[in-house]
Amino acid sequence: MMWLALLLAPARALQHETSVGVGGEGNFWFAGAGWRHLVDAGWRIGPASDEVFPWSAWSGIRVAPGSDLPAPFAVFAGLGVDVLLGRQEPTAGFEIGWSGMNDPVVPQGHPAGVSATQADRVSGFYMAATVSPARFRFGRVAVSALDLRFGEDLRSTAILFGASYARAEVAW
């Protein structure tokens with residue numbers, strides 16, 4: 001019976017959060033760069049903020065409203081650590097995901113274009129480092145003024161950069 005108590009004890013200390021944010025994401029490719037505006041929704045779990053080792057895990061979806069891409073969304077999951085500095089709770093970690101927004105973005109009129117070989121090398125799967133330096137907690141609500149992602153498509157040499165300009169998370 002004691003083993004059951006040990007298994008269930010950590011579950012009581014976990015804090016769940018639901019989040020929504022707005023931002024953008026850029027692809028920096030062989031022949032050019034582009035930027036898309038995004039809306040995202042996610043879920044985050046981690047120990048209560050008074051824990052000694054404040055890790056967090058997250059997952060969610062990002063959508064590019066109004067995009068002409070066949071799959072204008074990305075799904076992702078990540079793992080990171082939080083630093084507790086009073087009300088400020090910056091976070092850093094890694095994220096993996098699949099994005100239908102990794103299509104080549106080439107500026108109009110660009111003479112080089114993107115070759116079929118280069119375009120075929122885009123997998124959609126990516127890995128990124130993440131950091132949220134301006135994240136603050138006010139009771140059950142956390143707000144972030146800036147979340148950054150920097151990574152690479154796992155099959156091509158496309159560099160991915162993303163930023164959320166504003167995010168709100170509500171703990172439950």
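The values are calculated or read from the model by the stated rules, or taken from the named source; none is laboratory data. Everything numeric here is computed off the predicted structure, so don't read it as measured data. When we count neighbours, we look across all protein chains shown, and the Cβ atoms used for this are built from the backbone with ideal geometry, even at glycine.
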| task | For the range 57-82, enumerate the residues that are over 18 Å from Gly151 (Cβ atoms) and buried (at least 20 other Cβ atoms within 10 Å of the Cβ). | result | Asp82
| message | Scan the range 108-121 and tell me whether some residue there is within 20 Å of the chain's Cα centre (by Cα), modelled with pLDDT of 55 or more and within 19 Å of Ala71 (Cβ to Cβ). | response | no
| said: Could you go through the range 39-48 and let me know if any residue there is in a strand (DSSP E or B), at pLDDT below 60, among the hydrophobic types (A, V, I, L, M, F, W, C) and farther than 21 Å from Leu84 by Cβ. | reply: no
| query | Does the range 130-158 hold any residues that are surrounded by 15 or more Cβ atoms within 10 Å (Cβ to Cβ), under 17 Å from Trp35 (Cβ atoms) and of a type in the set (A, V, I, L, M, F, W, C), and which are they? | reply | Leu146, Leu148, Ala158
